[in-house]
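Worksheet: the structure to be examined is printed underneath.
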Amino acid sequence: MKNNELFQIGEVSRLFHVSVSILRHYDKIGLLKPEFTDEETGYRYYSTRQFECLNTIRYLRALDMPLEQIAGFLENRDTDHIKELLRRQKDEVQRRKQELELIEKKIDNRLNQLEDALASELNLIRLENKPARRIATVKEKLMPRSYLDLERSIRQLEAQEENTVVFLGKVGVGLFAEHLRCRQYLPYDLVFIILDEEDQFHGETTLLETETCVTLRFQGSHEQAAQHYEKMMDYIDAHGYEVRGFSMELTMIDYGLTNDTSKFVTEIQIPVGKKENV
């Protein structure tokens, strides 16, 4: 073969907009070996007859087809084979598209939660109607001094799940109603995760119906919560309410989002109802 029919690896790289390192990788795995390699210099040379093969590789890689499947096709080029590969790749694209749509929803949810937290009116007791929510819980006594103390419980909840990032910003602790009525704020009775509608959680879950809650947001985390529970219980007693379920204490902004503790925001929710006349 004449030398002018051969192209150095750098020339091929420029012609096909493929990096030299990728061409070397294709050579190493046997996907596209150079037509000729100079034993003295180690320079790789490619012939024009290899251009169509490289163009096919580029096309299939643009469709995100794995190199193993591309190699199999190059060894057995056939229209039925390529049709099957393309159909399979289309199915994979559809699956990933659905995954990306779920991720987009999770990002929107987290952005909304963050914007809500940043706009918080702190130390203000409110009466709010909370929508129905689906939660997963671990019932255990817990006395967290920092967010790190929740890690073991969170890992228990996530143990059987494929995707853990879904839980960022939705993990909290709670107190049973009987302990709230006795104004006993430590230890906590449970750790929970609030699940979004699109979350795929394979463990046991509980659906909380729509409920009226006394709520309060404060600057800080769990270690500062007791004094705020006390204020909320005073409010509940003074306005003729009674506790109807376990509290939900959520760190809306914590170390997962910032190292600046002055920006931490925690919300306490206590489900209530009007006391019945005796």
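Here are some notes:
- Of all residues in region 59-68, exactly one satisfies the criterion of being surrounded by 15 or more Cβ atoms within 10 Å (Cβ to Cβ) and either part of a helix (DSSP H, G or I) or outside the structural domain of residue 26 (by TED's automatic domain parsing) (or both), namely 60.
- The residue that is farthest from the chain's Cα centre (by Cα), counting only those in region 215-242 that are at pLDDT below 95 and polar (S, T, N, Q), is 224.
- Which listed residue, of 129, 123, 112, is touching a Ser or Thr at 6+ places or on another chain (Cβ under 9 Å), exposed (fewer than 12 other Cβ atoms within 10 Å of the Cβ), within 30 Å of residue 194 (Cα to Cα) and not hydroxyl-bearing (Ser, Thr, Tyr): 129
- Residues that are among the β-branched types (Val, Ile, Thr), within 23 Å of the chain's Cα centre (by Cα) and either surrounded by 20 or more Cβ atoms within 10 Å (Cβ to Cβ) or closer than 24 Å to residue 183 by Cβ (or both) within region 243-278 comprise 251, 253, 265, 266, listed in sequence order.
- Residue that is nearest to residue 214 (Cα to Cα) [pool: residues in region 121-141 that are of a type in the set (S, T, N, Q) and modelled with pLDDT of 95 or more]: 129
- Which numbered condition residue 144 fails, given (1) modelled with pLDDT of 75 or more; (2) surrounded by 14 or more Cβ atoms within 10 Å (Cβ to Cβ): (1)
The values are calculated or read from the model by the stated rules, or taken from the named source; none is laboratory data. Everything numeric in this text was worked out from a predicted model, so none of it was measured. When we count neighbours, we look across all protein chains shown, and the Cβ atoms used for this are built from the backbone with ideal geometry, even at glycine.
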